[in-house]
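Please read the structure below before turning to the comments.
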Amino acid sequence: MEALRGVVDPELEMDIVTLGMVRSVAIDHGSVSVVIALTSESCPLVGRIKGEAESALEKLQGVSSVVVETAVMNDEERSAIIEKLKERRKTLPMPGKLPKQGIKRILAILSGKGGVGKSSVTSMLAVEMQRRGLKVGILDADITGPSIPKIFGVSEVPFVLEGKIIPATSSKGIKIISMNLLIGKEETPVVWRGPLVSSAIRQFYTDVDWGELDYLLVDLPPGTSDAQLTVLQLLPVDGIVVVTSPQELAGVIVAKAVQMSRMLSVPIVGVLENMSYVKCPRCGEVIRLFGESRGRQMAEQINAPFLGSLPIDPDLSASCDRGKIEEYRNGAFEEVASKLLS
Ligand code: ADP
C-alpha cells in the first residue's frame, strides 16, 4: 500500500490509496496481485494508472511478479470517493496559474456583451498573426457561442493521441480547439453551469497538444462575470484585449475590465472598437450608425493603448459565414494588428 501511494490519478490529482481505489492486495511469497477500482469502465487513464502501479510494485525488494487488475467501482466505493473529493475541495487553496508550456504569449479577448464581434476579431487577429509568420492557436472558451470553427470552416473532430488532444487545424495552419468541434452539431446549444465550463476550459489548455506557439488567443465568453474571471485566474494570460462597439454601454465594460485586470494583475494591452462606422461604397462617406466613436476615449480613461476602429464590412460577415476568414483582408485591421504586435 505504501508503494502505491506514489501512484496519482491524473484526473483527480490524488494518490490512489488516499482515494480508496485499491480494492485488494494479495501477496503470495514474491507474487503480488492488486485490484484497482476505477470510477468508470471507459476511464481513459486506465493504462497509465495500471502501468504506474505495476512499476511501483516491481521495484519493491522481494517482489518477483506483479499482476494489476482493474475493476469498476461499486456504489459504496463511488460514494466514498465523492466524500474524499468533497473534503479535499474544502482545504484546497485557490487554484494557481497553470504552467506556460511551449506558448510564448497568451492573449484573452474580452467583450462586455455578445454580438460586438469578439469572435470575428479573435479570428482576424489570428489570421493576421499567421500572415506575419507567427505560430498561432485559438482556444475557443466562448463555449456558448457557435463561432470560431465556423469562421474558419473547420469541422474536423479533434482526436486523442498519447493522452493529448490534437486540435483541429485551419487551412493555413492555425490550431483551433472549441467545444463545438467536440459536440458535433453546431446547432446543439451548450447549456453548462459555471464549474463545468471552467473545467472544460482548463482541459482545453492543459490537455491539448498546442506544441510551440508564438500566440495563443483565448476567445472568452461575453461578459465580465465568474466564467471570465476563472479563465483569467487559471491560464497564464499575458494580456487582455477589449473589444467594444459603439452600441455598448462603454462605461460598464471598461470599469469591469479594469477591475478584472487589477485583481488578476493582467494588463489590458489594447482596446478595439468594432462596427464603428460604415463607409459608403459609392461616395466613401463615413456614416456613424451608432453615434460618435468612444473607443479612443475609453482607452485613454483606462490608460490602455487604443488599437483602432473597424468599420462594418459586409465582406467580413460574408467571409465569416462562409468559413473563409483566411481569405479576407482589411487595411484597418492590419493597422490594428500592427499596433498590438509592435
Ligand atoms: P461576438 O463574438 O462578440 O458574439 P461575433 O464575432 O460572433 O460576435 O459577431 C457577431 C456577428 O457580427 C457575426 O455575424 C459577424 O460576422 C458580424 N460582424 C462582426 N464584426 C463585423 C464587422 N466589422 N462588419 C460586419 N459584420 C461583423
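Does segment 67-75 include one or more residues that are touching a helix residue (DSSP H, G or I) at 6+ places or on another chain (Cβ under 6 Å) and free of Cβ contacts under 8 Å to residues at least 40 places away in the same chain? Reasoning before the result, please.
First, pick out the residues of segment 67-75 that are touching a helix residue (DSSP H, G or I) at 6+ places or on another chain (Cβ under 6 Å): 68, 70.
This time we only want the ones that are free of Cβ contacts under 8 Å to residues at least 40 places away in the same chain, so: 68, 70.
Checking segment 67-75: at least one residue is touching a helix residue (DSSP H, G or I) at 6+ places or on another chain (Cβ under 6 Å) and free of Cβ contacts under 8 Å to residues at least 40 places away in the same chain.
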Across segment 106-132, which residue is farthest from the ligand (Cβ to nearest atom) among those that are of a type outside the set (A, V, I, L, M, F, W, C) and crowded, with 23+ Cβ neighbours inside 10 Å? 112
Those residues of segment 29-51 which are at pLDDT 95 or above and either over 10 Å from residue 68 (Cα atoms) or of a type in the set (Asp, Glu) (or both), in sequence order: 31
For the subset of segment 133-168 comprising residues that are in a strand (DSSP E or B) and within 15 Å of the ligand (Cβ to nearest atom), which member is farthest from residue 103 (Cα to Cα)? 140
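Looking only at segment 11-42, count every residue that is touching a residue at least 24 places away in the same chain (Cβ under 8 Å), in a loop (DSSP other than H, G, I, E, B) and farther than 16 Å from residue 82 by Cα and tell me the total.
Step one: of segment 11-42, the residues touching a residue at least 24 places away in the same chain (Cβ under 8 Å) are 11-12, 14, 16, 18-21, 23, 25, 29-41.
Filter once more, so that each one left must be in a loop (DSSP other than H, G, I, E, B): 11-12, 16, 18-21, 29-30, 39-41.
After this cut, where a residue has to be farther than 16 Å from residue 82 by Cα as well, the list is 29-30, 41.
Number of matching residues: 3.
If you scan segment 274-292, which residues turn out to be assigned to a loop (DSSP other than H, G, I, E, B) and within 13 Å of the ligand (Cβ to nearest atom)? Give the derivation first.
Step one: of segment 274-292, the residues assigned to a loop (DSSP other than H, G, I, E, B) are 274-277, 280-285, 288-292.
Across segment 274-292, the qualifying residues are 274, 275, 276, 277, 289, 290.
One line per residue, one yes/no per condition, for (1) among the basic types (Lys, Arg); (2) over 23 Å from residue 171 (Cβ atoms); (3) more than 25 Å from the chain's Cα centre (by Cα):
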site: 290; (1), (2), (3): no, yes, yes
site: 308; (1), (2), (3): no, yes, yes
site: 312; (1), (2), (3): no, yes, yes
site: 318; (1), (2), (3): no, no, yes
site: 321; (1), (2), (3): no, no, no
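Looking at this structure, is residue 296 more than 24 Å from the chain's Cα centre (by Cα), away from the ligand (no atom under 16 Å from the Cβ) and either of a type in the set (A, V, I, L, M) or under 21 Å from residue 107 (Cβ atoms) (or both)? Please lay out each step first, then the result.
Numbers: more than 24 Å from the chain's Cα centre (by Cα): yes; away from the ligand (no atom under 16 Å from the Cβ): yes; either of a type in the set (A, V, I, L, M) or under 21 Å from residue 107 (Cβ atoms) (or both): yes.
In short, yes.
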Return the total of residues in segment 319-342 being within 11 Å of the ligand (Cβ to nearest atom) and open to solvent by 40 Å² or more (accessible area, probe 1.4 Å). 2
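Can you pull out the residues in segment 162-190 that are modelled with pLDDT under 80 and within 17 Å of the chain's Cα centre (by Cα)? Can you show your working first?
As a first pass, look at segment 162-190 and keep what is modelled with pLDDT under 80: 182-190.
Within segment 162-190, 182, 183, 190 qualify.
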Considering (1) open to solvent by 60 Å² or more (accessible area, probe 1.4 Å); (2) within 16 Å of the ligand (Cβ to nearest atom); (3) modelled with pLDDT of 90 or more, say which one residue 311 fails and leave the rest. (1)
List pairs: first residue in segment 253-278 and outside the structural domain of residue 111 (by TED's automatic domain parsing), second residue open to solvent by 30 Å² or more (accessible area, probe 1.4 Å) anywhere in the structure, Cβ distance under 6 angstrom, at least six positions apart or on different chains. none
Since residue 102 meets every condition but one in (1) away from the ligand (no atom under 16 Å from the Cβ); (2) surrounded by 14 or more Cβ atoms within 10 Å (Cβ to Cβ), which condition does it not meet? (2)
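The values are calculated or read from the model by the stated rules, or taken from the named source; none is laboratory data. Note that the coordinates shown come from a computational prediction; the quantities given were computed from them, not determined experimentally. Here the Cβ is made from the backbone with ideal geometry for all residues, glycine too, and neighbour counts use every protein chain on show. Only protein heavy atoms, including side chains, enter the accessible area calculation; ligands, DNA and RNA are left aside. Shrake-Rupley method; radii C 1.70, N 1.55, O 1.52, S 1.80 Å.
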